Amino acid sequence: MRPRQFEPHLPDEVEPRQLDKVARAELKTLSKENADFVARHLVMAGQMIEEDPQLAHQHAQAAGRRAGRVAVVRETIAITAYALEDYALTLRELRTYRRISGRNDQLPLMVDSERGLERPDRALELGHSVDVETLDVGVRVSLAIAMSGARLDLDQKDAALRELEIPQLDRRRAFSYSPDLFDAYGTVLEELGREAEAAEWYALSRRASGALSASDSEEDHETVEIVEEEIEGFDGDDVAADDELAGSADGADGADNGADAAGDEPRD
């Protein structure tokens, strides 16, 4: 007989409809009873990943025992494993996820997991295995950040900076991915000893985060979703003056007052 698997508790108030609609659609291959059970565990995994990643992982595994051939389930197992710093399991699950779904949207997490296993060379090889033009913009940015980190692991600081010098690194406009990209660029500049420039990009990141938070608070969303839209009210040109960065005020014109805020998101 198989040993009984541990099943984490599912609170009565957790309902299948709380799962993202796209994820719920993937569960339609299951019976309704099983789909509801899996959906509730996935909801719990999402709710607990910050507070208790171990419990989140247990919920993901419980879903996996009932729906191991569903892409979103394998993806959730991988994400919770990553939160536990189990990078080998993350890679295994994401390879399965990619095989089932045919998608490369978790490639940045795979690259970062190779870094976690102290294999930066393999991380770079994996990152170069896919044409970045086929990736969504947000994934492209996350991949650039992961690849830059791998370059830093190899002490290739100039190359790390080049990995981040992509069209989305635009100090005049900000999108949902911009704070992470600005922070990563600041980190590499700091590694290169260019502290004043690094401080400017960190300030840009704070300002973008503030604008994003303000934008999110204006609408009541059923679920938290980061969309790739330009953040209104962000003008990176005057950030140095606003933050009173030493030695950088001369380079800030501060005259646009968000004039570029109406543009479409860059796609290349």
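The values are calculated or read from the model by the stated rules, or taken from the named source; none is laboratory data. Being a predicted model, the structure only gives us computed values, none of them experimental. Note that we place each Cβ from the backbone using ideal geometry, even for glycine, and neighbour counts take in every protein chain shown.
Take the residues of region 106-128 that are surrounded by 20 or more Cβ atoms within 10 Å (Cβ to Cβ) and among the acidic types (Asp, Glu): which is nearest to Leu164 (Cα to Cα)? Only one residue fits best here, namely Asp112. The residue that is surrounded by the fewest Cβ atoms within 10 Å (Cβ to Cβ), among those in region 151-178 that are under 16 Å from Leu212 (Cα atoms) and among the small types (Gly, Ala, Ser), is Ser176. Taking first residues from region 124-146 that are over 11 Å from Val111 (Cα atoms) and partners that are modelled with pLDDT of 95 or more and of a type in the set (Ser, Thr, Tyr), the Cβ contacts under 6 Å between residues at least 6 apart in sequence or on separate chains come to Gly138/Tyr177; Val141/Tyr177. Hey, can you tell me all the residues within region 22-39 that are in contact with a Pro (Cβ under 8 Å, 6 or more places away or on another chain) and either of a type in the set (Phe, Trp, Tyr) or surrounded by fewer than 22 Cβ atoms within 10 Å (Cβ to Cβ) (or both)? Once the filter is applied, which keeps residues that are in contact with a Pro (Cβ under 8 Å, 6 or more places away or on another chain) and either of a type in the set (Phe, Trp, Tyr) or surrounded by fewer than 22 Cβ atoms within 10 Å (Cβ to Cβ) (or both), region 22-39 yields Arg24, Ala35, Asp36.
Taking every residue in region 85-97 that is part of a helix (DSSP H, G or I) and pairing it with any residue that is hydroxyl-bearing (Ser, Thr, Tyr) and surrounded by 22 or more Cβ atoms within 10 Å (Cβ to Cβ), at least 6 positions away or on another chain, the pairs with Cβ-Cβ distances below 6 Å are Tyr87/Ser113; Thr90/Tyr82; Thr90/Ser113; Leu91/Ser113. With respect to (1) surrounded by 16 or more Cβ atoms within 10 Å (Cβ to Cβ); (2) more than 17 Å from Arg115 (Cα to Cα), the lone exception for Asp131 is condition (1). Just one of Ala184, Ala203, Ala196 is at pLDDT 95 or above, more than 29 Å from Asp136 (Cα to Cα) and in a helix (DSSP H, G or I); which is it? One residue alone meets the criteria, Ala196.
Within region 1-58, the set of residues being among the polar types (S, T, N, Q) and either over 19 Å from Ala81 (Cα atoms) or part of a loop (DSSP other than H, G, I, E, B) (or both) comprises Gln5, Gln18, Thr29, Ser31, Asn34. Taking region 148-181 as the range and being outside any helix (DSSP H, G or I), over 19 Å from the mean Cα position of the chain (by Cα) and under 23 Å from Ser113 (Cβ atoms) as the test, the residues that pass are Leu154, Asp155, Gln156. Of the residues Arg69, Arg103, Arg65, which is part of a helix (DSSP H, G or I) and either surrounded by fewer than 21 Cβ atoms within 10 Å (Cβ to Cβ) or of a type in the set (Gly, Ala, Ser) (or both)? Going through Arg69, Arg103, Arg65 in turn, the sole match is Arg65.
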